[in-house]
Structures are given as C-alpha cells and as structure tokens.
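The values are calculated or read from the model by the stated rules, or taken from the named source; none is laboratory data. Everything numeric in this text was worked out from a predicted model, so none of it was measured. Here the Cβ positions follow ideal geometry from the backbone for every residue, glycine too, while neighbour counts run over all protein chains shown.
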C-alpha cells in the first residue's frame, strides 16, 4: 500500500484503523491489569479468612489449655511458634508490597496504584539491587519458614500436612525462582504474586495449627466398655484396723484385645481380661512381672509394664491347751507365733521376763525365774506397728530327774550286773526338752548279811574304788541303797533329789 497513491478518504480510514487497533490493545491491557487487581483483592479476602480460621484454632488451643494444660502445652507452644514464623514472613512480604506501591505511587481516592502496568517497579524493588536481591532474600525466607514449620511436626507425619510455600528454582534454565516470578511483570501483577505468597503463609499457619490441635488427642484411646472395679490391698483386716479399697471405673475397647505377657509368656485374654494362675508347693513370697501391649490410635503399640507379689503360706491350725502354757527354767522353750492374714516376717514378739530370740514366727524363750511371763505380739500393718495381743505363760522349774543305778531306780539287780556299774546317773523321763543332769554327789549304803553296813560318799557320779570293792562282795539278799543325791542341770543349777535308789541283789 505504500506504493499506491491513497485518496484523502482512504488515508483517513487507515488512520482510524490504527487508532482503533491501539484502542483495542489498550482496552485488553486494562482488562488484564484490572483482572490482576481483582485477583489480588480476592487473595486478600482469602488471607483474611485464613487469619480468622487461625484465630479460631488458637482459641480452641486456649480452651484445651484450661482443661488439660499438661497435655496441651507442648502442642500449644508449637502452634505459637508456627504463628510467629508465618507472621514474620507475612510482615516481610508486606514490606515489599509497600516498597512497590511507593515506587508507582498510590491514588488516595481509589486506594489503587497509579501505574498498574509499570514494568520497572517490581524489577527495581526485587531484582535490581547490588549483592543479594530482595527477590533472592524472599526466596530464602520462604524456604526457611517452610523448614521451620515442618520441624514442628514428626517426620513420619509430614506427608499428611500440606504447606503451600514453594520457592524452588526451576530444574532447567538459567533463571532463578525470583526472576521467573517477578522479572518484567507489571506492578499490579507483582503485588498480586506477593499477596498470593501472603495467603500461602496464612494457609500454612492454619494447616500446622490444625494438625497440632488434632495431635493433642491423636494418641488417646477410645473406649466403649465401662466397668466398676474395687481393688483392696487385702480382704482381711484386724479389729481396729481400717479397711481401705480403691473404687473406680475401668475402661476398655471391645474391638481391640490387648496382649498380656507375664514372665515372658502370653496369657489368653477374654473380655479384655487375662487370668494369671500359678501353683506353688513351697511357702514363700513370689513375684511376677509382665507387660500389657495395646495398639494406640496413632498406630504405635503402647507398652505398660507391671509387677506384683503375693505370699504362699502352708495351711495351719492353731491348737493350744489352756492349762499347758508353761515355760521351763533353764531350757530352750520353742515358741511359734502366727497371725492369720499377716506374713510371718511382719510379726514381732517380745517377753517381759527372760529373753526371746528368733523371728519369722519361730522364737526361743529362755526364762530364769519361777512365776509368770508374758509374751506380747505385734505386727507391721498398713505401714504402722500394731499390738495384736499377749499370752501369759507359767514359769516352772524342770521336773527332777530319776536317779538310776544299773538302769533301774528300784527293784532287783543281779550281783554280776551290780559289780560292773560305773556310777550313778540321773535321767529326765517323759520330758520333751533336751535337758541333761549330772550327778555331783551321792552316798552309797550296802547292807550285807553277817557284816557291818558299807557307807561312803562320792563327790561325782562315778563309783569310788572302795565302792567298787564293796560291790564285788555283794551276794543275793544284800541291799544297795543310794541316797543324798545331788545333781546339776544344764542351766547350771544344783539341786538335791528327794528320791533315792533302793535295790536288792539277787
């Protein structure tokens, strides 16, 4: 057309076409710019909605803190950190927006920027600084914020939480993230992109806070069975001793059976209860340990160790003769003390006259003075020592032994047997205690026919040579009498026996 001569009308039409094309181009550009402004306003509204959601979540945290501060505090503190991290990023981005607005200027009446299509303002603020640009700095802050937020939750759960903060450089090409996002974009587009990043920051705060709020009760067990339980240390109490029991509700899940192991062996479980059974043939205190394993709602298996002990006692019956409660002087008197329902090792006994030694229900009493002795019994019950009663015993001397010569006290004895006897002995008959007596003195009288009586005293239990010589001459019909007998007991006391010995030789 340049080589064709145009009429004035044709030149006017061409000029109007160019103007129309320019106007059309201008209208399209304004529509796009207006669209950016609309998107930016929508993003700001979304950001406000996220902010309200975040506030509501923190209010829920505040309520949880009032109900269970110990359980809630670790999650509440992390939610506060998430709020701090995202607010720092949000504030930094807001500062970048202000810088761009200052470059292009603001219309005070409309509140919009004066030059929304300015292609240099964003570059000037984010990309044209010497050293590290603010665009690169923004990228680093986005990455840092994302890492800090992820650090607030367990690594195993990070795939469950979406944190929409991305600032990664493209895998291909020389351009960095900041250039891809902000290079040569209109001012209104740059502001819209920054508003989008602010929305992402608030969205990330909401995601983390919601996860943390849910995590407070994530590991709580769910129960559908409630049963009353009464647990008492013992079902046997003494008069004056308080009976105590813990009364509470037990909770269980009928759809999940626990695993109960005792001493390494798995027990059968019915109705969420395992029954442990053990049989022993020897009395004593036995202990067992175990673990209850329960799958928790978060998928982990919780283990709850336990230990318990119990006492096995042999069946006993206490039978006593009321008129035979006697303690003997000079011997070890065995005493057994037991209290039904109380372990023997918890029982204590004492005596008011003499001494009492031993323990665990078995004692030895020694007394030295005739009369009475009182044994008092106490036991440790419920952490305190309680008096359980007393028993009075009569204290007597050991019955006198029977003096014997040739194994007899009276009667007849052959001459041949009499002639070989070494001495005189004292024997304690029908007495259960181990008590020995030694003859320390005696007088022997031998009455013989047609001869004077033989009389001599020995200072021990052994016959003197003269006594042996006299016994060698005895014959049938002679009488051997032993009198004035003194003995010494195992307790060191000396006594004279009332009973003597009278034997006829045959």
Report task. Find the residue count for segment 448-472, including only residues that are assigned to a loop (DSSP other than H, G, I, E, B) and within 15 Å of residue 421 (Cβ to Cβ). Result -> 5
Report task. Among the residues of segment 165-182, count how many are more than 15 Å from residue 96 (Cβ to Cβ) and not in a helix (DSSP H, G or I). Result -> 11
Report summary line: Condition set farther than 14 Å from residue 399 by Cα and part of a loop (DSSP other than H, G, I, E, B), scope segment 475-494, selection modelled with the lowest pLDDT: answer is 492
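Taking segment 243-261, which residues are modelled with pLDDT under 80 and surrounded by fewer than 10 Cβ atoms within 10 Å (Cβ to Cβ)?
Step one: filter segment 243-261 for residues modelled with pLDDT under 80, giving 243, 252-256.
Hit for segment 243-261 is 255, nothing else.
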**Report entry** Members of segment 43-64 that are under 16 Å from residue 83 (Cβ atoms) and in contact (Cβ under 8 Å) with a residue 24 or more places away in the chain
**Finding:** 47, 50, 51, 53, 54, 57, 58, 60, 61, 64
Requested in this report: Give me a count of the residues in segment 432-447 that are farther than 15 Å from residue 484 by Cβ and in a strand (DSSP E or B).
Outcome: 3
Query raised in the report: What number of residues in segment 128-143 are in contact with a helix residue (DSSP H, G or I) (Cβ under 8 Å, 6 or more places away or on another chain) and modelled with pLDDT under 90?
Result: 1
Requested in this report: With respect to residue 339, determine if the residue is within 33 Å of the chain's Cα centre (by Cα), not assigned by TED's automatic domain parsing to the domain that holds residue 284 and not in a strand (DSSP E or B).
Outcome: yes
